[in-house]
Every structure is written in C-alpha cells, then in structure tokens.
1. Going by average Cβ neighbours within 10 Å, how do the peptides 148-157, 114-123, 190-199, 85-94 rank, with the highest at the top?
2. Given Cβ point charges of +1 (Lys, Arg) and -1 (Asp, Glu) and nothing else, what value in debye, to the nearest 20, does the dipole of region 42-211 about its Cα centre take?
3. For the pair Ser124 and Thr158, what calculated FRET efficiency results from E = 1/(1 + (r/R0)^6), where r is the Cβ-Cβ distance and R0 = 22 Å, to the nearest 0.05?
4. Given Cα pairs under 8 Å that are at least 6 residues apart, what percent is the relative contact order of the chain?
5. Have a look at Cys155, Pro194, Ala79 and report the one farthest towards the positive end of the charge dipole of region 42-211, computed about the Cα centre with Cβ charges (Lys/Arg +1, Asp/Glu -1).
6. Which option, (1) 46, 38, 32; (2) 48, 38, 28; (3) 63, 50, 32, is the value of Cα extents along the principal axes in Å that was calculated from these coordinates?
7. Greater than 28 Å separation of Cα atoms is the criterion. Which listed pairs, Lys15/Lys50; Lys50/Lys129; Lys15/Lys156; Lys15/Lys149, meet it?
8. Among the lysines, select those whose C-alpha is under 18 Å from the C-alpha of Lys104, and discard any that sit fewer than 8 residues away in the same chain.
Amino acid sequence: MKDFVDSEISFYPDKITYVGNRYAGIRGLESEPKEELVIMHDWETEIMKKSANFVCELGGDILEVGFGMGISAGFIQDAGAKTHTIIEIHPQIAVKAREWAADKKGVTIIEGDWLEILSTLKHSGAPRKFDGVFFDPYGFWSGWGTLPKMIEPHCKPTTRISHFNICKSEKSSCGFDGHPDFSVTFEKVNVNPPENDYYNDKFYYIPKVLKNE
C-alpha cells in the first residue's frame, strides 16, 4: 500500500497510471520489477454507469470507495444522490476529487484508507447507514475480501452495493457470493478494453448485492 500511496500519479486523458509492483502485497513477489500500471481507464465508463445506477436506485446517501478518474462519481451525481461520501487513499487523486466536488452540494471527500475510515463514519454514535455503496479502490492490498463484514454495519435493509469485479464469471471478487448476510446477482455486459494489466476479457460481470433480511 505504501508503494502506491507514495507514488507519483500520471494523469492522461483516457487513463491514470503509476509506476509500481503489480504484485504488491503478495508474499514472495514483492521484489518483482516495477512497471507503469493502470489504475483506471475510460473503457470502464459503461460499467461505471450501470454500477452507479444500481447503487443509486433508491437515491439517498451514497458511499463510494475510490475516486479514480471520477467516472462513477459523475454518474452517482447524475443519479441524484442526496449525499455522496467519497473515500480516496492517494493524495494526488484526493486533490482531484476535492476539485471535482468544489461546486457540488452534499459531497464529502475523505482522504485516507477505507479500512481505517469506515468504522469512524457515525451518526448519533452509531455506524452511519448508506442507501448505496460503490467499492472500487486500487490494489488487492485494499482489503477487498473484508468488504462484506466491514460494510454490514453501514447497511440498511434495502442498501444496494456494487464493486469493481475482476472475476471473469458470476463470482464476486469481494466474496459476496455465498455470504450468509448478502445475496448477489450479476449483469453480464460486453466490454472492449484495450490491452492492459488488469482486465482483458470481452465480458464483464456487474455484481448487484442486496442485504438479506
């Protein structure tokens, strides 16, 4: 994580990148050579739109983890969120997020690690509840597999959750499938990403997660 947070971000019209180790956080592979890695690319626009529309189905208060290029954030705003809380760990991207949010009402940018911040989000002393959650932080060290356990206290019975999904089938890369507290369905969409270091399939499976009653 420190390798990423301390890195210099390169902002291009169609993507953002940094130079780092793609295997960061995987034991035994930390010494692999560094290379330019894509954090986000605009080929994701359509899946960001569909994901944002799902988590905003009920409007209300929306939590977003990872700002990236601001693509999903823009769609969440278009969907009419009442409040929009964004957690972003990288300081340069957090600056971009604050600039983006400057003329928008109800948007709060929190700079830091969602693993540390989420439990601090309170309302009247209890965990703050959200109507929708979109989760798209960079890197496997971001604790993807802990999301179901950590987000559950912040869910209403009707909360909609989605996340970036690296699984190339009807599986959740955050572990929602088979989880006792959640149910998940998937929307299969056609995608056409340029060759990159994180997703090269022609289909993408959007997870749509609901809390079990």
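Every read-out reported here was derived from the displayed coordinates using simple, explicitly stated rules and does not represent laboratory data. Values in this document were obtained by computation on a predicted structure and should not be read as measured data. Backbone-built Cβ (ideal geometry, glycine too); neighbour counts: all protein chains shown.
1. 85-94, 148-157, 114-123, 190-199
2. 560 debye
3. FRET efficiency, Thr158 to Ser124: 0.65.
4. 18 percent
5. Checking the options against the dipole of region 42-211, the answer is Cys155.
6. Of the listed options (1) 46, 38, 32; (2) 48, 38, 28; (3) 63, 50, 32, (1) comes from this structure.
7. Exceeds cut-off: Lys15/Lys156; Lys15/Lys149.
8. Filter leaves Lys82, Lys96.
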